Amino acid sequence: MIKIRVNKMFQDKYTGTIYNFDDVIEVTNERFEELKDFDEELVTFIEEIKEKPSKKDDKKSKDEPSNDEPSKDDTSKDDEKNE
């Protein structure tokens with residue numbers, strides 16, 4: 001994804017959204033190229049957006065048990081010994 005600045009008002013043919021002069025929007029590299037092919041002066045590249053780790057990846061690492069903690073199976077065996 002990249003950030004671009006709108007130089008001329010246009011309506012997005014896919015979403016119907018109207019973008020005005022000086023709007024800053026995020027698009028894929030492919031969409032940026034498509035807009036530039038349509039009109040070279042329509043938009044200007046600002047910066048590439050670095051992907052942030054998704055929340056799904058963060059949650060997955062938090063849900064995984066660490067090696068320091070006993071698993072549920074280990075604790076149930078200890079309970080049986082204590083009885």
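With charges set only on the Cβ (+1 for Lys and Arg, -1 for Asp and Glu), what does the dipole of the range 1-44 come to about its Cα centre, in debye to the nearest 20?
Result for the range 1-44 is approximately 140 debye, rounded to the nearest 20.
Using per-residue counts of other Cβ atoms within 10 Å, averaged over each peptide, order 1-10, 31-40, 14-23 from highest down. All intermediate terms of the calculation are to be shown ahead of the outcome.
Values: 1-10: 15.2, 31-40: 13.5, 14-23: 10.7.
Final packing ranking: 1-10, 31-40, 14-23.
Less than 14 Å Cβ to Cβ from E34, Lys/Arg counted +1 and Asp/Glu -1: what total charge do the surrounding residues give? Walk me through the intermediate numbers first.
On the way: positive: K13, R31, K36; negative: D12, E30, E33, D37, D39, E40.
Surrounding charge for E34 is -3.
What percent does the relative contact order of the range 1-44 come to when contacts are Cα pairs within less than 8 Å and at least six residues apart?
Numbers: 66 pairs, mean separation 20.7, N = 44.
Averaging sequence separation for qualifying contacts and normalising by length gives 47 percent for the range 1-44.
In whole angstrom, and with the biggest value first, how far do the Cα coordinates of the range 1-44 range along each principal axis?
So the extents along the principal axes, rounded to whole Å, are 20, 20, 18.
With labels modelled as points extended 7 Å from the Cα through the Cβ direction, what inter-label distance (nm, one decimal) is found for E30 paired with K55?
2.6
Values quoted throughout were computed directly from the atomic coordinates according to the rules given, and no laboratory measurement underlies them. Everything quoted here is computed from the prediction, not taken from an experiment. In this analysis, Cβ positions are derived from the backbone assuming ideal geometry, glycine residues included, and neighbour counts consider all displayed protein chains.
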